[in-house]
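Working notes for the structure below.
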Amino acid sequence: MYYQAKKFEYLVIQDFKFPQWRKVLLQNGKFGYVPSELVAALPYEVTMDRTSPRMGLSSRSAAASAVANQSLRYTGTPYKAGGNDLDRGVDSSGFVKLLFRQVGVDLPRTAAEQVKVGEPVTKLEDLEPGDRLYFWDAKSGNVGHTGIYVGNGYFSHASETKREVCQDYLGDKKWLETLVAARR
């Protein structure tokens, strides 16, 4: 099982040669299958360009870019440990989770859980706006901080030190030494 849909989650489905199954479009452009009795087809027609070799990926890139741009809107939001409010206070993992939720991506709550989700980006030069960055926290001995790459070497995050959502340069020694993963 690759993914388990949640109740009332919208899916792009197609009929399948076996009536007891429906094809479901996944984020990576491939198809999965779901039992027909578990979905209710709505009267919406969805079309896509099947000639594109990156079918499904351009919409993911657009959503990631939207997250990167949206993250800048919250600059100055107060940092609050355990916070889940993009206007009144948020911590780093809450910040990332809430921004990705806005584009329909449901991430786990903590940075240590989020780092396990998504495609790895293994080279700094391959980072794209909207990629998630994860940093080691020596005090907890675990991944304890996260942010969103916004481009040109900068990332947006809820900084405990600066007590607000801000942007920092990823090339600074502090960040390069603690960066342990990037996910798309």
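The values are calculated or read from the model by the stated rules, or taken from the named source; none is laboratory data. Note that this is a predicted model, so its numbers are computed, not measured. Methodologically, a virtual Cβ is constructed for each residue, glycine included, from the backbone with ideal geometry; neighbour enumeration extends over all protein chains shown. What goes into the accessible areas is simple: the full protein's heavy atoms, side chains included, and nothing from ligands, DNA or RNA. Shrake-Rupley method; radii C 1.70, N 1.55, O 1.52, S 1.80 Å.
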Q: Take the alpha-carbon positions of the range 55-184, form their convex hull, and give its projected area averaged over all directions (one quarter of the hull surface) in nm².
A: 7.2
Q.
Check which residues have an amide H placed less than 5 Å from residue 83's amide H, if you skip close sequence neighbours.
A. 91
Q) In Å², what does the accessible area per residue of the chain work out to with a 1.4 Å probe? A) 64
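Please list 38, 170 from largest to smallest accessible area, probe radius 1.4 Å, with all protein chains kept in place. Walk me through the intermediate numbers first.
On the way: 38 125, 170 10 Å².
Final ranking, largest accessible area leading: 38, 170.
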Q) Can you list residues whose amide H is under 5 Å from residue 159's amide H, if they're 5+ apart or on another chain and H is modeled 1.01 Å from N? A) 164, 165, 166
(Q) If packing is taken as the average number of other Cβ atoms within 10 Å across a peptide's residues, how do 12-23, 68-79 rank, most packed first? (A) 68-79, 12-23
Q.
Taking the square root of 5 times each eigenvalue of the Cα gyration tensor, what semi-axes in Å does the equivalent ellipsoid of the range 123-184 have, largest first?
A. 17, 14, 10
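Cβ under 12 Å from residue 78's Cβ, residue 78 left aside: what net charge do those residues give with Lys, Arg +1 and Asp, Glu -1? Before the final figure, lay out the partial values.
Working: positive: 80, 88, 162, 163; negative: 85, 87, 91, 160, 164.
Cβ neighbours under 12 Å give a net charge of -1.
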Q.
As a quick test, which of the pairs 30/97; 23/80; 6/173; 6/139 have an alpha carbon distance above 32 angstrom in this structure?
A. 23/80; 6/173; 6/139
Q) Can you pull the percent of the chain's accessible area that's carbon plus sulfur, 1.4 Å probe, other chains left in place? A) 52
